[in-house]
1. Give me the residue from region 405-441 that is out of contact with any strand residue (DSSP E or B) (no Cβ under 9 Å at 6 or more places or on another chain) and among the basic types (Lys, Arg) and, out of that set, farthest from Pro133 (Cα to Cα).
2. Starting from region 306-329, keep only residues that are under 30 Å from Leu383 (Cα atoms) and in contact (Cβ under 8 Å) with a residue 12 or more places away in the chain, then list their pairs with residues that are acidic (Asp, Glu) and outside any helix (DSSP H, G or I) whose Cβ atoms are within a distance under 7 Å, requiring at least 6 positions of separation or different chains.
3. Would you call Arg404 outside any loop (DSSP other than H, G, I, E, B) and buried (at least 17 other Cβ atoms within 10 Å of the Cβ)?
4. Consider Ala310 carefully, then state whether it is surrounded by 14 or more Cβ atoms within 10 Å (Cβ to Cβ), within 26 Å of Gly411 (Cβ to Cβ) and modelled with pLDDT of 90 or more.
5. Give me the pairs, please: first residue somewhere in region 389-408 and over 16 Å from Pro345 (Cβ atoms), second residue anywhere and among the hydrophobic types (A, V, I, L, M, F, W, C) and assigned to a helix (DSSP H, G or I), beta-carbon distance under 6 Å, and either six or more positions apart or on two chains.
6. Please verify whether Val238 is aliphatic (A, V, I, L, M), over 17 Å from Leu318 (Cα atoms) and out of contact with any helix residue (DSSP H, G or I) (no Cβ under 6 Å at 6 or more places or on another chain), treating the condition exactly as stated.
7. Does region 439-462 hold any residues that are in a helix (DSSP H, G or I) and either surrounded by 13 or more Cβ atoms within 10 Å (Cβ to Cβ) or charged (D, E, K, R) (or both), and which are they?
Amino acid sequence: MFTPAILDELRAAVDARGLIVDRNQLQTYECDGLTAYRTLPSAVVLPRTTAEVSAVIRICAAHSIPFVARGAGTGLSGGSLPAENSLVICLARMNKVLSVDLENARITVEPGVTNTQVTERVKSAGYFYAPDPSSQTVCTIGGNLAENAGGAHCLKYGFTTTHVLGCEVVLPNGDIRWFGSEHGLVDSPGYDLPGVFIGSEGTLGIATKAVLRITRRPETVQTLLAAFDSATDAAQTVSDIIAAGMLPSAMEMMDRTSIFAAEAAVHAGYPDCDALLLVELDGPTAEVQAQMAQVRSLCSTNKAWEQRLAQTDTERALVWKGRKAAFAAMGRVSPNYIVQDGVIPRTALPAVLTRMKQMSEETGLRIANVFHAGDGNLHPMVLYDAANPGEEDRALILSYDILRMCVDAGGSISGEHGIGREKQCVMSYMHAEPDLATMQRVRRAFDPNNLANPEKLFPTPRLCGERRHGAYIPHPIEAAGIAEVY
């Protein structure tokens, strides 16, 4: 597919140093944070401008070449996994902060700017960028838009979509358009195109600029660490706090396994307990103090045997360092793991955690839990050893069963990681075929030739048979012998 003539066209679009074709170098781009899936792209380009992205996509459109956008490759669902014979468009070189407008509380950046860099740029003026995924020091704004990334503080402040005022997008035919307002107006009349684009996982085009909302730093921030001997008691505390009319900026929960791993990695001073609850409040000083007293009372009512309020910014940072290191630290307790990010109603937390413990006992596989408890966004990690025959398949089955349980509880199969390649097969458990067909119509309105990040997000017959207890169960459409889903 990538003839010398096509490679010459790509080289002319991005210059010789912006084109990678050497196999050894291509291996860097064969997967994202979901390393169980790997596909070597045919080539990689590293554009520096919107015009170069547009030129590259026009070449892809002219030659029917599938393309996949990539940022830092930190995604956990295979969203930037290359397709067969595809071109990866890596936006790492588009890493400029283009403008800062404090008067209107906005900042305009290119997609290769990292999440943390946005806050660093405006911190001295008393602002911050609210979405804070655990990978925020390395994950990029372009990837945040693609997956509608969240983080611990999105309970109060909302996900990426809440903080994007407008974005420049290169469509799958190479045209350049603005969704929302180029000038960051809060409300643009007409269809909410940023709302359609954000979270579309690269299937509708590639963002090349984003106007982001920045937020004033609160007067006071207080972070409480509470230790429990029961995950049920900690989960009940979460429900009680919300039921009391409080909205913490963050509420995070960790179980014994994740506590052990995080403590071994960063020495945050976590207590030895079955469940750890982190509650952070921010706002006016008087309000925060009054609410924190109420939170501590609820923790005591639910049998918290230790409560520790961070006394300095350094202590607070260390508490959060342990939480954000939990995923990476899991290698200390297991050679392999699968992480999911299903969502459930907060009130279902105690029952779901109890059922998850039963599922662990039934399968003989450990499950570590660390999650955004305030909005019910679970992050169960199914631990396994790939060296043991069949254990990886059992772990994958268990992880999908957990997602189905989340749907049955009135929740969702993903809160922030996205669907990508990993969760395609579970999409049909959550959405009926007519709903999926409607989504496909939207996709094809943007990309009629299915070139933008193909074979992602939606279930397809080839990819969506299930392997349950060693037996392959085909997707119903595959069983009917239909080649195309839609």
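The values are calculated or read from the model by the stated rules, or taken from the named source; none is laboratory data. Since we're looking at a predicted model, the values are computed, not measured. No Cβ is skipped: glycine too gets one built from the backbone with ideal geometry, and neighbour counts run over all protein chains shown.
1. Arg441
2. Arg323/Glu252
3. It is false that Arg404 is outside any loop (DSSP other than H, G, I, E, B) and buried (at least 17 other Cβ atoms within 10 Å of the Cβ).
4. Values: surrounded by 14 or more Cβ atoms within 10 Å (Cβ to Cβ): yes; within 26 Å of Gly411 (Cβ to Cβ): no; modelled with pLDDT of 90 or more: yes.
It is false that Ala310 is surrounded by 14 or more Cβ atoms within 10 Å (Cβ to Cβ), within 26 Å of Gly411 (Cβ to Cβ) and modelled with pLDDT of 90 or more.
5. Every condition considered, the pairs that remain are Tyr400/Val426.
6. The answer is no for Val238.
7. Filtering region 439-462 for residues in a helix (DSSP H, G or I) gives 439-446.
Met439, Gln440, Arg441, Val442, Arg443, Arg444, Phe446, listed by residue number.
Condition check ((1) modelled with pLDDT under 95; (2) not in a strand (DSSP E or B)) across all residues:
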{"residue": "Thr203", "(1), (2)": "no, yes"}
{"residue": "Ala207", "(1), (2)": "no, no"}
{"residue": "Ala210", "(1), (2)": "no, no"}
{"residue": "Gln222", "(1), (2)": "no, no"}
{"residue": "Thr232", "(1), (2)": "yes, yes"}
{"residue": "Gln236", "(1), (2)": "yes, yes"}
{"residue": "Ser239", "(1), (2)": "yes, yes"}
{"residue": "Pro248", "(1), (2)": "no, yes"}
{"residue": "Met251", "(1), (2)": "no, no"}
